[in-house]
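Each remark here refers to the structure printed beneath this line.
The values are calculated or read from the model by the stated rules, or taken from the named source; none is laboratory data. The model shown is predicted, which means the values in this text are computed figures rather than measured ones. Quick reminder, even Gly has a Cβ in these numbers, built from the backbone with ideal geometry, and neighbours come from all protein chains shown.
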Amino acid sequence: MPSAESLTLEFLGITVRATTTAPADLRFAFGPHIVADAARPAHASASTLHVDFVDGDPPHVVVRAPDGTPLLNRPYRGWPGWEGVPPPVPPFAVLGSRYVLVQAAVLTRNGTTVALIGSPQSPRARVGLALAQRGWSFVSPQLLVLERDSGVVMPYLAPLELRGEALAELRGTIGTRTPHRSIVSPVSGEVVLVRPEAVAPTARVRAAVKNPVLIRLCRGDDEQARLDYWNFVPAAWPADHAAEALVHAETLRLELPPVGGAEEAAGLVDSLAGGRCTDPTLFPDECEEPCPDAPRTPQATPVGSTASVRT
């Protein structure tokens with residue numbers, strides 16, 4: 001029987017000491033969050049949460065408080081381990097009063113953060129990758145993790161799920177040197193899990209970003225992508241805290257064509273980080289040139305005035 005190994009993981013404001021007989025799985029799942037051996041303290045701090053992955057029939061995960069008190073014991077279905085909400089690392093199930101989780105790909109650029117909300121079968125990965133090509137960085141490929149009190153978004157750099165269009169486009173670039181794993185989903189067929197930093201820019205694990213714009217992804221009948229205002233409260237965990245935590249967030253709807261449209265959709269979202277002048281009917285007050293170099297209307301010269309030019 002393989003021996004268990006202890007790893008320390010750092011998230012924004014959370015330290016986790018995880019014990020598992022499959023450390024390679026944990027490193028693949030949360031590579032940037034793993035604390036190097038040289039930087040790891042000899043003893044867990046008084047604020048460290050403990051997560052033990054216990055082999056058995058069935059396998060289960062045990063969460064313990066810093067003093068060792070058991071907080072949670074539940075079945076564990078194996079890696080990748082974040083198919084349900086909340087995932088076991090960090091142990092959000094015991095932090096429900098602190099965080100709200102939404103299924104979304106979260107990216108940031110120039111101080112603007114967007115959460116592309118949709119199921120794993122939605123085009124969120126494809127649109128996210130198209131934004132990455134425009135200079136956006138992934139904050140989280142799978143979950144919007146929002147601290148309720150501060151409004152800070154936690155970087156959560158789990159693997160990016162590629163399926164459908166996104167997988168077809170990136171398959172040729174995923175080589176043996178790109179950390180990835182392939183699984184088969186009963187819903188969507190083959191899914192390739194790939195480390196986000198291997199295919200796109202990513203935020204620092206200690207980055208604190210705020211004010212995410214919530215963008216609900218959907219498929220429409222038009223042949224062009226559309227971005228417009230749309231009031232909604234996304235499905236979230238815990239469900240009873242979603243409305244109050246997200247009530248002040250700006251909410252939009254991004255409608256894509258029946259097939260494709262990710263590049264065009266990314267162009268619309270990209271404009272949010274650069275003045276948001278995508279459509280004068282959508283953002284009429286923000287489609288004015290921010291720094292005009294001439295009067296907007298000709299000004300009459302007062303009678304009797306003169307002008308001179310110095311050389």
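From the residues in the stretch 117-136 that are of a type in the set (S, T, N, Q) and either without any contact (Cβ under 8 Å) to a residue 60 or more places away in the chain or under 20 Å from Leu101 (Cβ atoms) (or both), which one is surrounded by the fewest Cβ atoms within 10 Å (Cβ to Cβ)?
Pass one, the stretch 117-136, residues of a type in the set (S, T, N, Q): 119, 121-122, 133.
Retained after the next criterion (residues that are either without any contact (Cβ under 8 Å) to a residue 60 or more places away in the chain or under 20 Å from Leu101 (Cβ atoms) (or both)): 119, 121-122.
Values: Ser119: 11, Gln121: 14, Ser122: 20.
For the stretch 117-136, the residue satisfying everything is Ser119.
Just for the stretch 71-88: of the residues that are modelled with pLDDT of 80 or more and under 24 Å from Pro186 (Cα atoms), which one is surrounded by the fewest Cβ atoms within 10 Å (Cβ to Cβ)? Let's see the steps before the verdict.
Step one: filter the stretch 71-88 for residues modelled with pLDDT of 80 or more, giving 71-76, 86-88.
Going one step further and asking which of them are under 24 Å from Pro186 (Cα atoms), we end up with 74-76, 86-88.
On the way: Arg74: 12, Pro75: 9, Tyr76: 17, Pro86: 19, Pro87: 20, Pro88: 22.
Selected residue: Pro75.
Is it the case that some residue within the stretch 257-266 is touching a strand residue (DSSP E or B) at 6+ places or on another chain (Cβ under 7 Å), farther than 20 Å from Gln121 by Cβ and at pLDDT 90 or above?
No, there is no match, as no residue in the stretch 257-266 is touching a strand residue (DSSP E or B) at 6+ places or on another chain (Cβ under 7 Å), farther than 20 Å from Gln121 by Cβ and at pLDDT 90 or above.
Which pairs do you get when a residue that is over 15 Å from Gln133 (Cβ atoms) and β-branched (Val, Ile, Thr), found in the stretch 253-277, comes within reach of a residue that is at pLDDT below 90 and surrounded by fewer than 20 Cβ atoms within 10 Å (Cβ to Cβ), reach meaning Cβ atoms under 9 angstrom, with the pair 6+ apart or on two chains?
So the pair list comes out as Val259/Glu165.
Against the condition within 14 Å of the chain's Cα centre (by Cα) and assigned by TED's automatic domain parsing to the domain that holds Val269, how does Val209 come out, does it pass?
yes
With the condition kept exactly as written, say whether any residue in the stretch 210-230 is touching a residue at least 60 places away in the same chain (Cβ under 8 Å) and assigned to a loop (DSSP other than H, G, I, E, B).
Looking for residues that are touching a residue at least 60 places away in the same chain (Cβ under 8 Å) and assigned to a loop (DSSP other than H, G, I, E, B), one finds at least one in the stretch 210-230, hence yes.
Can you name the residue in the stretch 160-201 that is part of a helix (DSSP H, G or I) and without any contact (Cβ under 8 Å) to a residue 24 or more places away in the chain and, of all such residues, is surrounded by the most Cβ atoms within 10 Å (Cβ to Cβ)?
Once the filter is applied, the top-ranked residue is Ala198.
In this structure, is Ala273 modelled with pLDDT under 90 and crowded, with 17+ Cβ neighbours inside 10 Å?
So Ala273 passes the test.
Considering only the stretch 141-153, I want to know if a residue exists there that is surrounded by fewer than 22 Cβ atoms within 10 Å (Cβ to Cβ), among the acidic types (Asp, Glu) and in a strand (DSSP E or B).
Yes, some residue in the stretch 141-153 is surrounded by fewer than 22 Cβ atoms within 10 Å (Cβ to Cβ), among the acidic types (Asp, Glu) and in a strand (DSSP E or B).
Out of (1) touching a strand residue (DSSP E or B) at 6+ places or on another chain (Cβ under 6 Å); (2) of a type in the set (Gly, Ala, Ser); (3) without any contact (Cβ under 8 Å) to a residue 60 or more places away in the chain, the odd one out for Gly68 is which?
(1)
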